[in-house]
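In what follows, a single structure is set out as structure tokens and then discussed.
The values are calculated or read from the model by the stated rules, or taken from the named source; none is laboratory data. All values reported here derive from a predicted model rather than from experimental measurement. Here the Cβ is made from the backbone with ideal geometry for all residues, glycine too, and neighbour counts use every protein chain on show.
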Amino acid sequence: MPYKIILLETARKLAEQHDFSGPSLREAIPYLEAFQEKKFVLKIGGSVLKDEQLIPQLVSDVVFLKRLDINVILVHGGARQLDKRMKSLGIEPNKLNGLRITSKEVLELANGVFLEISNKIKAAIDARGYQGMIFDRDTGLVCSRKKQRDLGYVGEPVHVKTALLDGLPDKAIPIVTAITSGVEPHDVGFNVNADEVASVIAKEIKAEKLILMTDEEGVKDDNGNLIHTLTKEQAENLIDAGVIHGGMIPKVQACLEPLAFGVRKSHIIKGEADSFINEILTDAGVGTEFIPVIY
């Protein structure tokens, strides 16, 4: 089928699913054309990961984009589900400076919980005629080293074996968990922040976009108003001024780092079923975008 016909059909289906108006649909089509053959890295979070019933709707959007040769790599963790599983087993979650202390027992538990989530995402992809491909620690896609001794098996990513993402089947959609392999042959793996995993993948494949779904709408100013666009320098100034603070700092840093390596834009959006499409296919967007400089 000619590409233009597929484009129009896909745009109409997206419009129906998201209740786009006529003007919004006209906005979406140029973006769909521009993003053909591009790669996005989307870290799933917020309500979409909290309420797993929302996963199929997000996957439907990813499949729509895939039909137009817009390739989305999905990354996820699962902290809420892990906490719930640990408490059901009588294991109290333990944190240091906001970071989960991960024993070997907790690492193995997290690996199982995260793979359950991966398989739910895969099932939603497979149900739409595409192939979800899970990249867990055994695949060695993301290699990490220990972050600090006091945290146990908590890691920071240092390398991505990008060759594993090359030459995938045409209908393959990668699903990457935040339990990664280690850099040494004897490493059993590490629990890594999913934002960091998504960031390092986007950096090393030079993705068009990195999108982090969170519990927040994006970066806000001193008055609580959403800031729609920030340059790298502006974001760093807001961190220095204390406007960006707390748990938002590492998310912003995860967005900024890939910009120096060819990623055109990074985004922080609220993790709702419609937010991904509304951020990338409308002029206004719904979250905060980060750009290297203002051209």
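Identify, from the list 166, 150, 138, the residue that is surrounded by fewer than 16 Cβ atoms within 10 Å (Cβ to Cβ), closer than 21 Å to residue 66 by Cβ and among the acidic types (Asp, Glu).
166
Could you check segment 199-226 and list, in sequence order, the residues that are assigned to a loop (DSSP other than H, G, I, E, B) and of a type in the set (S, T, N, Q)?
The answer is 223, 225.
Assess whether residue 128 counts as being over 26 Å from residue 203 (Cα atoms), without any contact (Cβ under 8 Å) to a residue 40 or more places away in the chain and buried (at least 16 other Cβ atoms within 10 Å of the Cβ).
So residue 128 does not fit the description; no.
Yes or no: segment 209-217 includes at least one residue that is β-branched (Val, Ile, Thr), within 24 Å of residue 245 (Cα to Cα) and under 20 Å from the mean Cα position of the chain (by Cα).
Yes, segment 209-217 contains at least one residue that is β-branched (Val, Ile, Thr), within 24 Å of residue 245 (Cα to Cα) and under 20 Å from the mean Cα position of the chain (by Cα).
List, please: which pairs have Cβ atoms under 7 Å, are six or more places apart or on different chains, and start with a residue in segment 78-105 that is of a type in the set (Val, Ile, Thr) and end with one that is exposed (fewer than 15 other Cβ atoms within 10 Å of the Cβ) and outside any helix (DSSP H, G or I)?
Between residues of segment 78-105 that are of a type in the set (Val, Ile, Thr) and residues that are exposed (fewer than 15 other Cβ atoms within 10 Å of the Cβ) and outside any helix (DSSP H, G or I), the close pairs are 101/94; 101/95.
Could you say which residue among 166, 150, 170, 195 is at pLDDT below 95 and in contact with a Leu (Cβ under 8 Å, 6 or more places away or on another chain)? Quick ask: steps written out before the conclusion?
Values: 166 fails: in contact with a Leu (Cβ under 8 Å, 6 or more places away or on another chain); 170 fails: in contact with a Leu (Cβ under 8 Å, 6 or more places away or on another chain); 195 fails: at pLDDT below 95.
Of 166, 150, 170, 195, the one residue that is at pLDDT below 95 and in contact with a Leu (Cβ under 8 Å, 6 or more places away or on another chain) is 150.
Might you check whether a residue that is aliphatic (A, V, I, L, M), buried (at least 19 other Cβ atoms within 10 Å of the Cβ) and touching an Asp or Glu at 6+ places or on another chain (Cβ under 8 Å) occurs anywhere in segment 70-91?
yes
Would you check if there is a residue in segment 175-187 being more than 18 Å from the chain's Cα centre (by Cα), without any contact (Cβ under 8 Å) to a residue 40 or more places away in the chain and closer than 21 Å to residue 262 by Cα?
Checked segment 175-187: no residue is more than 18 Å from the chain's Cα centre (by Cα), without any contact (Cβ under 8 Å) to a residue 40 or more places away in the chain and closer than 21 Å to residue 262 by Cα.
Which of the residues spanning segment 173-188 are touching a Leu at 6+ places or on another chain (Cβ under 8 Å) and surrounded by fewer than 16 Cβ atoms within 10 Å (Cβ to Cβ)?
Across segment 173-188, the qualifying residue is only 188.
Run down 213, 248 and say which single residue is surrounded by 13 or more Cβ atoms within 10 Å (Cβ to Cβ) and at pLDDT below 95.
Matching residue, one of 213, 248: 248.
Kindly state which helices (runs of 4 or more DSSP H) lie completely within segment 14-109 and contain at least 1 residues that are more than 23 Å from the chain's Cα centre (by Cα).
22-34, 79-88
Does segment 99-109 include one or more residues that are modelled with pLDDT under 95 and at positive phi?
no
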